[in-house]
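The values are calculated or read from the model by the stated rules, or taken from the named source; none is laboratory data. These figures come from a predicted structure and were not determined experimentally. Every residue, glycine among them, receives a Cβ derived from its backbone with ideal geometry; neighbour counts consider all protein chains shown.
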Amino acid sequence: MAERIETVELRGALLRLRRASGLPVVFGGLLQEGRTMRIAELSGAVTPALRGLAVSTGSGLGGKCLALSRPCAVTDYRSARHITHEYDGPVAAEGLRAVIAVPVIVRRTVRGVLYGALRDALPIGERVFDAAVAAARDVEQALAVREEVRDLLAPPPPVPSWEQVRQAHGELRGLLPRVADPDLRARLLAVCGRLESAAGARPEPPSVTLTPRETDVLAAVASGATNAAAARRLGLSPETVKGYLRSAMRKLGAHTRLEAVVAARRAGILP
């Protein structure tokens with residue numbers, strides 16, 4: 001399932017790159033294991049020459065991109081002097097000349113490469129470069145969120161401390177605004193609910209009801225985040241975070257951030 005989702009993310013990013021840049025051919029792949037990447041997705045190709053091509057670190061333009069962890073480009077692939085030429089055959093079969101390769105980097109590790117290409121020997125312009133980098137960032141963000149969710153949903157230690165429970169709850173609430181997949185979002189919400197229930201049995205529902213965003217902000221504050229850090233985590237402006245925090249404090253009858261967190265925990269809103 002994870003591999004299928006990664007493939008969908010890669011395909012979507014390549015299609016956005018092609019639309020944004022006007023490049024006739026885009027393709028790419030993700031590292032599955034070791035130091036070899038296989039070209040898995042193509043758009044605009046007229047031959048099967050590149051499909052399934054295994055690219056090793058250090059070999060060709062993509063291999064150079066993998067090795068250096070930075071974008072690389074050539075104006076004319078077949079005459080480029082700063083790359084090796086193991087893949088000249090497939091590249092020539094597709095008729096590619098100018099090529100750009102941009103790494104996909106997650107947690108400081110190169111996870112794949114996105115390519116864009118022209119069939120003419122022309123310089124890669126700044127607009128194309130920016131579009132390729134933006135497409136790679138889209139894939140990075142999607143992979144990073146899924147890996148964070150995977151880690152957070154992993155079985156907890158046998159006897160977690162309350163501080164670990166509270167930290168996990170805050171991190172999960174911080175991830176929710178970044179998750180577009182409705183099924184994954186529902187799973188995260190369910191996990192948050194279990195953590196909140198762990199605060200203690202409540203024979204009656206809490207007397208205070210916070211909105212999801214107020215709860216997200218308060219969970220971030222409870223984990224020690226400043227307003228600016230909470231804003232970055234939740235994709236909000238600092239002023240918006242302040243507004244949600246003031247509203248939550250008013251509902252909870254609290255005068256300080258700490259009082260609000262304590263009151264929310266007593267009400268069972270936070271673990």
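Which of the residues spanning the range 80-108 are in contact (Cβ under 8 Å) with a residue 40 or more places away in the chain and more than 19 Å from P24 (Cβ to Cβ)?
Of everything in the range 80-108, those that are in contact (Cβ under 8 Å) with a residue 40 or more places away in the chain and more than 19 Å from P24 (Cβ to Cβ) turn out to be G89, V104, V106, R107.
Test each condition in (1) of a type in the set (A, V, I, L, M, F, W, C); (2) surrounded by 16 or more Cβ atoms within 10 Å (Cβ to Cβ); (3) touching a Ser or Thr at 6+ places or on another chain (Cβ under 6 Å) for A54 and report the one that comes out false.
(2)
(1) under 19 Å from A132 (Cα atoms); (2) surrounded by fewer than 15 Cβ atoms within 10 Å (Cβ to Cβ); (3) not hydrophobic (A, V, I, L, M, F, W, C): which one isn't true of T47, the others all being true?
(1)
For the structure I just gave you, tell me whether V74 is more than 30 Å from L184 (Cβ to Cβ), of a type in the set (V, I, T) and in contact (Cβ under 8 Å) with a residue 40 or more places away in the chain.
Judged against the criteria, V74 is not a match.
Helices (runs of 4 or more DSSP H) wholly in the range 157-267 with at least 3 residues that are at pLDDT 85 or above - which ones?
Once the helices (runs of 4 or more DSSP H) in the range 157-267 are filtered for at least 3 residues that are at pLDDT 85 or above, what remains is 212-222, 227-234, 238-252, 257-266.
Scan the range 111-147 for residues that are of a type in the set (K, R) and crowded, with 17+ Cβ neighbours inside 10 Å and jot them down.
Those that are of a type in the set (K, R) and crowded, with 17+ Cβ neighbours inside 10 Å: R111, R146.
Before we move on, is R127 assigned to a helix (DSSP H, G or I) and farther than 25 Å from L236 by Cβ?
Answer is yes for this residue.
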